[in-house]
Amino acid sequence: MKLKMMYPFLNSDINIIEKTLEETVEAESPLLRQASLHLLQAGGKRIRPVFVLLAGKFGDYDIHVMKNVAVALELIHMASLVHDDVIDDAELRRGQQTIKAKWDNQIAMYTGDYIFARSLELMTNIHNPLAHKILSDTIVELCIGEIEQIQFKYNFQQNLRDYLLRIKRKTALLIAASCQLGAVAANVEEPIHKKLYMFGYYVGMSFQITDDVLDFTGTQEQLGKPAGGDLLQGNITLPVLYAMEDETLREKITSVHENTKKEEIEEIIQLIKQSGAIERSILISDRYLQKAIDILEELPNIRSRKTLRDIAMYIGKRKF
């Protein structure tokens, strides 16, 4: 089942979100407008806006309020991708040229800044101080996570705790915030919005581990970028950490650098796939996913709860 088929009751509101996204990234500068729309029109799952809307269904749901949070969270995510592509010197994103590849690093950095600023402008329509505290704390952690990823590049001495903390900051907390902020914007009671936050955190951890697995098991066509790209860029993910427990394989992996030949990377990918590291990583992802499913049982039994469960299972079990 395709993701969008899981929430047909949100279709009209999702259309409003898409329209608002396009309106928000409009700019007086033709170049800034083109660059901003370039990434937006490349598509995406829109997981964060969907989580915002579904969380809002537990309270006083008003799409004209919810859209501000939903669009802001997606824009923050987009801005982080634009900046990531500069740091990683990435040529492809979602099967399309990255902004830095189509223009240059300077245009990409300022485009990311612009998209980020527009997200904050939207959030001024939310008059709840708690929402702004949650968002600012999340952005701080996201930035720390990005810095840590840079510091840990090609650091083959890092451990499981380092990895889990990094993906928590880089990925899981923004998904957790999407769930919590949607509820806060809809005046949901604290015990409920805190549980939605934990649901989002667990789903976010499972989501990123699954992404890291797919970087080895997917094809370039499926991923929209070259397979094994994380390792080549020096990003040490869970499958790599597990594979390095084999001393022979560790020697091969630790020899990787940014100029490693494609054939060598492909060989290492095959060895990692044969090592059992993929299966062990999937097991960890599944544990986080089960924690997300368990906490949903503590929420009111409304239609959105089932949809959250369906989406969690989809993104935790996806093949590409």
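The values are calculated or read from the model by the stated rules, or taken from the named source; none is laboratory data. Everything numeric in this text was worked out from a predicted model, so none of it was measured. Neighbour counts are summed over all protein chains in view; Cβ atoms, including those assigned to glycine, are modelled from backbone coordinates with ideal geometry. Surface areas here come from the heavy atoms of the whole protein model, side chains and all, with no ligands, DNA or RNA. Shrake-Rupley method; radii C 1.70, N 1.55, O 1.52, S 1.80 Å.
Of all the residues that make up region 239-295, how many are open to solvent by 20 Å² or more (accessible area, probe 1.4 Å), of a type in the set (A, V, I, L, M, F, W, C) and under 16 Å from residue 156 (Cβ atoms)?
The total comes to 2.
Condition first: at pLDDT 90 or above and more than 27 Å from residue 143 (Cα to Cα). Can you find one or more residues in region 69-81 that meet it?
Checking region 69-81: not a single residue is at pLDDT 90 or above and more than 27 Å from residue 143 (Cα to Cα).
Could you count how many residues in region 146-163 are under 14 Å from residue 230 (Cβ atoms) and out of contact with any helix residue (DSSP H, G or I) (no Cβ under 8 Å at 6 or more places or on another chain)?
Qualifying residue count for the region: 3.
Would you confirm whether any residue within region 127-144 is of a type in the set (Ser, Thr, Tyr) and under 19 Å from residue 41 (Cβ atoms)?
no
Name, by its number, the condition in (1) out of contact with any helix residue (DSSP H, G or I) (no Cβ under 8 Å at 6 or more places or on another chain); (2) more than 20 Å from residue 78 (Cα to Cα) that does not hold for residue 143.
The one condition residue 143 does not meet is (2).
Can you name the residue in region 142-174 that is open to solvent by 50 Å² or more (accessible area, probe 1.4 Å) and farther than 28 Å from residue 252 by Cβ and is also nearest to the chain's Cα centre (by Cα) among such residues?
Out of the qualifying residues, it is 168.
Considering each of 139, 115, 107 in turn, give the residue that is open to solvent by less than 10 Å² (accessible area, probe 1.4 Å), touching a residue at least 60 places away in the same chain (Cβ under 8 Å) and part of a helix (DSSP H, G or I).
On inspection, the qualifying residue turns out to be 115.
Looking only at region 60-76, which residues are open to solvent by less than 30 Å² (accessible area, probe 1.4 Å) and not aliphatic (A, V, I, L, M)?
Scanning region 60-76 gives 68, 74.
Table: residues versus (1) of a type in the set (A, V, I, L, M); (2) closer than 24 Å to residue 117 by Cβ.
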| position | (1), (2) |
| --- | --- |
| 18 | no, yes |
| 21 | yes, yes |
| 28 | no, yes |
| 37 | yes, yes |
| 42 | yes, yes |
| 46 | no, yes |
| 67 | no, yes |
| 89 | no, no |
| 99 | yes, yes |
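Conditions first: (1) touching a residue at least 24 places away in the same chain (Cβ under 8 Å); (2) in contact with a Lys or Arg (Cβ under 8 Å, 6 or more places away or on another chain). Residue 94 passes all but one, so which condition is the exception?
Failing condition for residue 94: (2).
Looking at (1) touching an Asp or Glu at 6+ places or on another chain (Cβ under 7 Å); (2) closer than 30 Å to residue 226 by Cα; (3) touching a residue at least 40 places away in the same chain (Cβ under 8 Å), can you tell me which one residue 63 breaks?
(2)
Yes/no per residue for (1) in a helix (DSSP H, G or I); (2) open to solvent by less than 10 Å² (accessible area, probe 1.4 Å); (3) in contact with a Gly (Cβ under 6 Å, 6 or more places away or on another chain):
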residue	(1), (2), (3)
191	yes, no, no
195	yes, no, no
199	yes, yes, no
202	yes, no, no
205	yes, yes, no
226	no, no, no
231	yes, yes, no
235	no, no, no
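In the set 9, 51, which member is touching a residue at least 12 places away in the same chain (Cβ under 8 Å) and either at positive phi or open to solvent by 10 Å² or more (accessible area, probe 1.4 Å) (or both)?
One residue alone meets the criteria, 9.
Quick check on region 21-41: of everything there that is outside any helix (DSSP H, G or I) and open to solvent by less than 30 Å² (accessible area, probe 1.4 Å), which residue is modelled with the highest pLDDT?
25
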